[in-house]
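**Q** Sharing a structure, written as structure tokens. Questions coming.
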Amino acid sequence: QVQLVESGGGLVQAGGSLRLACAASGRTFTSYAMGWFRQAPGKVREFVAAIGRNGISTKYADSVKGRFTISKDSTITVNLQMHTLKPEDTAVYYCAASSTRVFASTSPNEYDRWGQGTQVTVSS
């Protein structure tokens, strides 16, 4: 059973940067398309960024374009570099992996593995 573990969350001032990492442990497959989602208190989980299995195709939510960058270090790890953070970026960030998708996907229904989440708090 593949497990995803996020790291890198924390407290940062507005305008600052954080780097989130997600690593898979346990039994693994050849490669995954992967994504990041976030959920703020009282809100639904929303798409943030995604990257395809080949590490080339990417998609971003409009709210993070130009500020966040998703990348893959290997076939089953993914990073999210976040710059110019805003208070509205405050949320629990979840890593997700899809064993069936080839290209980046914005739909949470396409992902079959989820991490436990890491808290990102941006103070004003």
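**Q** For the chain, what is the accessible area per residue in Å² when the probe is 1.4 Å?
**A** 50
**Q** If you wrap a convex hull around the C-alpha atoms of the stretch 17-57 and split its volume per residue, what is the figure in Å³?
**A** Spread over its residues, the Cα hull of the stretch 17-57 gives 115 Å³ apiece.
**Q** May I pose another question? At a Cα cut-off below 20 Å, give the aspartates and glutamates reachable from LYS72, other chains included and same-chain residues fewer than 8 away excluded.
**A** Leaving aside aspartates and glutamates fewer than 8 places away in the same chain, those within reach of LYS72 are GLU6, GLU110, ASP112.
**Q** Roughly how big is the chain's charge dipole about its Cα centre, with Cβ charges of +1 (Lys, Arg) and -1 (Asp, Glu), in debye to the nearest 20?
**A** 140
**Q** Considering only protein heavy atoms and a probe of 1.4 Å, how much of the accessible area of the chain is carbon and sulfur, as a whole percent?
**A** 50
**Q** So, one more: Which of the aspartates and glutamates could a cross-linker span from LYS43 if the Cα-Cα distance has to be under 16 Å and same-chain partners fewer than 8 positions apart are dropped?
**A** GLU88, ASP89
**Q** Using just the C-alpha positions of the stretch 1-105 as equal point scatterers, what log10 of I(q)/I(0) does the Debye formula give at each q in 0.15, 0.17, 0.24 1/Å?
**A** Taking Cα atoms of the stretch 1-105 as identical point scatterers yields -0.58, -0.74, -1.36.
The values are calculated or read from the model by the stated rules, or taken from the named source; none is laboratory data. Note that the coordinates shown come from a computational prediction; the quantities given were computed from them, not determined experimentally. Every residue, glycine as well, gets a Cβ built from its backbone with ideal geometry; the counts of neighbours run over all protein chains shown. All accessible areas refer to the heavy atoms of the entire protein, side chains included, with ligands and DNA or RNA removed. Shrake-Rupley method; radii C 1.70, N 1.55, O 1.52, S 1.80 Å.
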